[in-house]
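Here is the structure we will look at.
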Amino acid sequence: MAQAQAQPNIALVKYWGKRHGARNLPAVGSLSVTLESLWTRTEVEFDPDLPEDLFLLNGVPDPKGLVRVSRCLDPIRQRASCLHRARIQSRNNFPTSAGLASSASGFAALVTAAIAALCLEVSPEERSEWARGASGSAPRSLYGGFVELRLQETPAPGRTELVPLADPGHWPLEVAVAITSLSAKPVGSTAGMEITAKTSPFYEDWIRAQPADLEAARQAVLARDFEKLALVSEHSCLKMHGLALAAKPGLMYWNGATVSCLTVIRDLRAQGIPVFFTIDAGPQVKAVCEPGASQQVAGILRQIPGVLEVMTSRLGPGARVISGAGKSQPSGP
Ligand code: PMV
């Protein structure tokens, strides 16, 4: 038995689209920041007396989630030659499946806890592959700070490489997360990516332009160039949603309050407050701020009609074991 904690990560250069015919391989690389104060804590206990895997999310059995959880555990069990089923208990301190990257923190925590519970010595590549098989954004939560998931074209086309770019201390950005709806999103990211790849007229251009966006974001992070990071991140976000809107049927993840937040954030930046926005497959708005600016930005976002709650976070560490058997897997910076 072991328990692990992981935090969601927020993509600044977005992953949207999977490689054709491959098991959950992304069609594009991506770059993210890992948060600190939102978390998933997951306990995994392998039990020889258990006939089936059992998954509780926030104390409630979750049969739909169980299928993905079991599928994620299977290759780890196989690697450890373990035939036992597991009892998995997971808790989020933030809304699940609402565009707050709960699958990223959830699967990063699950993989980390399962490896520790089975006392497996594994390479960073194996950990990353297991998390990536469950959710394309999950490997990024294995590391803290600024993280890139790169696509390798050689020697093995389509393999991914997880690159910790900089630790939180390099540039302690802050994030204010404006919650505008607590409902689960109507179209999940896997289905949304499939519809987009099949029907959006802009999909090929999206794939082609991604390396340039990644390079710009990488440079901005290393140089701590906020304006440059703001431009490329908002561009990547709006492009991803533009692609999805142009799919058939069009995917609309935003609500009225989402749009109000975008307008306010752009106005604040024009007035000299260092903040930019990004949005994932849901209506929540993440306002990324220079160190020290998030409380002021959160206060302003709270005044917007339709904003239910604003959470703030600094950048945090990667997934780690917090109790139980096995060794703590080294997290990234
Ligand atoms: O990892 P998934 O399948 O939940 O997809 C994540 C997709 C986005 O959050 C919209 C973008 C990203 O890179 O995290």
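The table below lists the values:
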read-out	value
Residues of the range 131-188 that turn out to be in a helix (DSSP H, G or I) and closer than 30 Å to Ile300 by Cβ, as a count	5
Leu73 away from the ligand (no atom under 12 Å from the Cβ) and not in a strand (DSSP E or B)	yes
Residue match in the range 216-233 (condition: crowded, with 18+ Cβ neighbours inside 10 Å and part of a loop (DSSP other than H, G, I, E, B))	no
Leading residue by the ranking (farthest from the ligand (Cβ to nearest atom)) among those in the range 16-37 that are assigned to a loop (DSSP other than H, G, I, E, B) and crowded, with 23+ Cβ neighbours inside 10 Å	Val28
All positions within the range 105-143 that are polar (S, T, N, Q) and away from the ligand (no atom under 16 Å from the Cβ)	Thr112, Ser123
Residue that is modelled with pLDDT of 95 or more and crowded, with 24+ Cβ neighbours inside 10 Å, where the choices are Leu54, Leu73	Leu73
Filter result (surrounded by fewer than 24 Cβ atoms within 10 Å (Cβ to Cβ), away from the ligand (no atom under 11 Å from the Cβ) and either free of Cβ contacts under 8 Å to residues at least 40 places away in the same chain or not aromatic (Phe, Trp, Tyr) (or both)) within the range 90-104	Arg91, Asn92, Asn93, Pro95, Thr96, Ala98
Residue within the range 221-228 that is closer than 18 Å to Ile10 by Cα, touching a residue at least 24 places away in the same chain (Cβ under 8 Å), within 15 Å of the ligand (Cβ to nearest atom) and not assigned by TED's automatic domain parsing to the domain that holds Trp16 present	no
Residue satisfying condition, being among the aliphatic types (A, V, I, L, M) and in the same structural domain as Leu238 (by TED's automatic domain parsing), within set Ala178, Ala138, Ala131	Ala178
Some residue of the range 197-212 being under 17 Å from Phe276 (Cα atoms), at pLDDT 95 or above and either touching a helix residue (DSSP H, G or I) at 6+ places or on another chain (Cβ under 9 Å) or of a type outside the set (Asp, Glu) (or both)	no
The lone exception for Val122 - which of (1) β-branched (Val, Ile, Thr); (2) under 20 Å from the mean Cα position of the chain (by Cα); (3) in the same structural domain as Gln78 (by TED's automatic domain parsing); (4) more than 20 Å from Val33 (Cα to Cα) it fails	(2)
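The values are calculated or read from the model by the stated rules, or taken from the named source; none is laboratory data. No experiment lies behind these values; they were computed from the predicted model shown. Positions of Cβ are backbone-derived with ideal geometry, glycine not excepted, and every protein chain shown enters the neighbour counts.
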